[in-house]
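Heads up, the thing below is written out as structure tokens.
The values are calculated or read from the model by the stated rules, or taken from the named source; none is laboratory data. Note that the structure is predicted; figures quoted are calculated from it, not measured. Every residue, glycine among them, receives a Cβ derived from its backbone with ideal geometry; neighbour counts consider all protein chains shown.
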Amino acid sequence: MSSTSDQFAFGGELSKKKLNWKGKESAIAFEEDGIRSKLLQFESPCYVISDGKQLGVTTEGSIDTSGSAKTGGWKVVASTPEFPLDRLGDPEFNKQYGSQYTYYAGSMAHGISSEELVIALGQAGYMGSYGAGGITPDRLEEAILKIQGELLNQPYAFNLIKPFSDELERRAVELYLKHGVTTIEASAYIDLSPHIVHYRVAGLSLNANGQIEIKNRIIAKSSRREVFTKFLEPAPDKYLQPLIEQGLITEEQAKLAQQVPMADDLTVEADSGGHTDNRPLVSLLPSIIALRNEIQDKFNYPTPIRVGAAGGIGTPEAALAAYVMGAAYVVTGSVNQACLESATSDHVRKLLAQAEMPDVIMAPAVDMFATGGELQVIKRGTFFPMRAKKLYDLYRTYKSLDEIPQTEVEKLEKQIFQTSLADVWQKTEQYWNDREPEQLTKAAKNPKKKMELAFCWYLGLASHWANAGEKGREMDYQIWCGPAMGAFNDWVRGSYLEDPANRSVVDIARHIMTGAAYLFRLQQLKAQQVALPPSYSHYRPQPF
């Protein structure tokens, strides 16, 4: 190890410093490992001190603030206050959701954000959102009961996605209201729906002091200003009267709804896995914060809506950047899928652990196939992106399955479906008969709709094959992932987290937050003209 004279750069004039440090020299660190250890003691102030010959770091002793000049001894060159992890972000987020840290794991559909993932995080003081998208109501109810049975006074959320089926959205809301799920993460919404308005307004009441109580909280996740505007404003009248007529809300609740926004928090989703517009966080987050401020000035809500950041959050640097830009909280996604608690296969975890930032690509999305909607997936180790795009090209080119040339049909059956087109349609009919027969009624009248449903059979199953580790279907795995996964792998390379067998959602949460606080401390020192060498700027994950 080099001496501190080689490790520090100090731009100030020590002769102008009048604060003296008092303490034992044994409490001073001079070598890199010791200095790192001191910087990571966030519960204590940290002092950089000098005796005129060398610089050291300590978290002990005291400072003489009398201002009297003294010769000799240790003088304070720079200092940082105590900085526990719960000071990152907006503390109101923690008060609202009962969490200890302004960090939560966003939902991944088909239960990839599993009960185990949500429970592990909740027990450690972090919130997780269960991936309810694409699962049956019976399976969703099972997940609700399991999570609520384990997390009594600890944070958790459930996803509410704007699905292919209006019926699934309605039934999800009914289950959330039935079982008292008080926090949902709303995603993939282009516009509000009667069901999400029902959820929000059904939880409104007046307390003994005449103040509005909001029982049902909504965290709205999007990347578009026009969508966020709908969540920043009160529920529109056009949804409220029908809900009153159906007996789902009261007249009083409808009146209260005109005084509160549709959401409590906005999660700004930048370049993420799954549904994404690939927008850069550094541009998008300030824009949405400004929008929030504009609408807050208009409505003057007693509690301003918080704005958090998602998409690309996979390292301490990314998390700190989001916090410094004003994010009230940060949300991780792709990196959690590579963890042991996620409901996916070991094969997928290994692919994710090998991913680099360029190893992601956009591909057609099953729930927005007809409109050309896309989502971001892994391209390394799977042909799914290319095969999904082939299906969409055929969909755009032809008006029905019968119009597709026989040579193309044979390629589909052999290379993509691995079964006959007739068998695909039979399985498609069975699927929708069990869930929403109206889809088949539409397909019977519209050949283009029939082609859409048949092609979506493959897109829908591709993610299930990945999660289940379906043998023989590895090249068809659909693995939702953003570039944060590659950044995470770069960060942990050479550490114990490089091995996917060591990746737990709680460890990753702790390291991202710890690293962000550590890097913030370095910036505080740098602002006082104390710069540590480049080797210090890398927070190295060590087992807790």
Legend entry - Verdict on residue 510 being surrounded by fewer than 22 Cβ atoms within 10 Å (Cβ to Cβ), part of a helix (DSSP H, G or I) and either within 21 Å of the chain's Cα centre (by Cα) or in the same structural domain as residue 119 (by TED's automatic domain parsing) (or both): yes
Inset, instruction - List the number of the failed condition for residue 448; all other conditions in (1) of a type outside the set (A, V, I, L, M); (2) assigned to a loop (DSSP other than H, G, I, E, B); (3) touching a Ser or Thr at 6+ places or on another chain (Cβ under 7 Å) hold. - result: (2)
Legend entry - Residue within the range 493-505 that is in contact with a Cys (Cβ under 7 Å, 6 or more places away or on another chain) and assigned to a loop (DSSP other than H, G, I, E, B) present: yes
Inset, instruction - Please work out which residue is surrounded by the most Cβ atoms within 10 Å (Cβ to Cβ), limiting yourself to the range 289-330 and to residues that are touching a helix residue (DSSP H, G or I) at 6+ places or on another chain (Cβ under 6 Å) and in a helix (DSSP H, G or I). - result: 319
Inset, instruction - Kindly establish whether residue 199 is aromatic (Phe, Trp, Tyr), farther than 28 Å from residue 270 by Cα and assigned by TED's automatic domain parsing to the domain that holds residue 309. - result: no
Inset, instruction - Examine the range 234-249 for a residue that is assigned to a strand (DSSP E or B) and touching a residue at least 24 places away in the same chain (Cβ under 8 Å), and state whether such a residue exists. - result: no
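For every residue, the table says whether it meets (1) out of contact with any helix residue (DSSP H, G or I) (no Cβ under 8 Å at 6 or more places or on another chain); (2) touching a residue at least 40 places away in the same chain (Cβ under 8 Å).
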| position | (1), (2) |
| --- | --- |
| 332 | no, yes |
| 358 | no, yes |
| 361 | no, no |
| 381 | no, yes |
| 385 | yes, no |
Inset, instruction - Mind telling me which of the residues 428, 407, 371 ends up being surrounded by fewer than 19 Cβ atoms within 10 Å (Cβ to Cβ), in a helix (DSSP H, G or I) and out of contact with any Asp or Glu (no Cβ under 8 Å at 6 or more places or on another chain)? - result: 407
Inset, instruction - Test each condition in (1) over 20 Å from residue 522 (Cα atoms); (2) surrounded by fewer than 17 Cβ atoms within 10 Å (Cβ to Cβ) for residue 33 and report the one that comes out false. - result: (1)
Inset, instruction - Show the residue pairs that are 6+ apart or on different chains and have beta-carbon atoms under 7 Å apart, the first residue being within the range 17-46 and part of a loop (DSSP other than H, G, I, E, B), the second being small (Gly, Ala, Ser) and loosely packed, with under 15 Cβ neighbours inside 10 Å. - result: 18/67; 18/69; 23/62; 30/3
Legend entry - Check on residue 168, under 27 Å from residue 368 (Cα atoms), in contact (Cβ under 8 Å) with a residue 24 or more places away in the chain and not in a loop (DSSP other than H, G, I, E, B): yes
Inset, instruction - Output the number of the condition that residue 228 fails; it satisfies all remaining conditions of (1) surrounded by fewer than 22 Cβ atoms within 10 Å (Cβ to Cβ); (2) touching a Ser or Thr at 6+ places or on another chain (Cβ under 8 Å); (3) part of a helix (DSSP H, G or I). - result: (1)
Legend entry - Residues satisfying the stated conditions in the range 389-404, i.e. among the basic types (Lys, Arg) and either in contact with a strand residue (DSSP E or B) (Cβ under 9 Å, 6 or more places away or on another chain) or in a loop (DSSP other than H, G, I, E, B) (or both): 389, 399
Legend entry - Among (1) in a helix (DSSP H, G or I); (2) out of contact with any strand residue (DSSP E or B) (no Cβ under 8 Å at 6 or more places or on another chain); (3) within 30 Å of residue 219 (Cα to Cα); (4) not basic (Lys, Arg) - the single one residue 83 does not satisfy: (1)
Inset, instruction - Output the number of the condition that residue 360 fails; it satisfies all remaining conditions of (1) within 22 Å of residue 513 (Cα to Cα); (2) crowded, with 24+ Cβ neighbours inside 10 Å. - result: (1)
Legend entry - Among (1) at pLDDT 95 or above; (2) in contact with a strand residue (DSSP E or B) (Cβ under 7 Å, 6 or more places away or on another chain); (3) more than 17 Å from residue 187 (Cα to Cα), the one test that residue 200 misses: (3)
Legend entry - Residue that is surrounded by the fewest Cβ atoms within 10 Å (Cβ to Cβ) [pool: residues in the range 36-57 that are under 18 Å from residue 74 (Cβ atoms) and hydroxyl-bearing (Ser, Thr, Tyr)]: 44
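If you take the residues of the range 241-292 that are small (Gly, Ala, Ser) and in contact with a strand residue (DSSP E or B) (Cβ under 8 Å, 6 or more places away or on another chain), which of them is modelled with the lowest pLDDT? Step through it out loud before you land on a result.
Going residue by residue through the range 241-292, those that are small (Gly, Ala, Ser) are 247, 254, 257, 263, 270, 272-274, 283, 287, 290.
Within this subset, residues satisfying the condition of being in contact with a strand residue (DSSP E or B) (Cβ under 8 Å, 6 or more places away or on another chain) are 257, 263, 270, 272-274.
Values: 257: 98, 263: 98, 270: 97, 272: 95, 273: 94, 274: 90.
The selected residue is 274.
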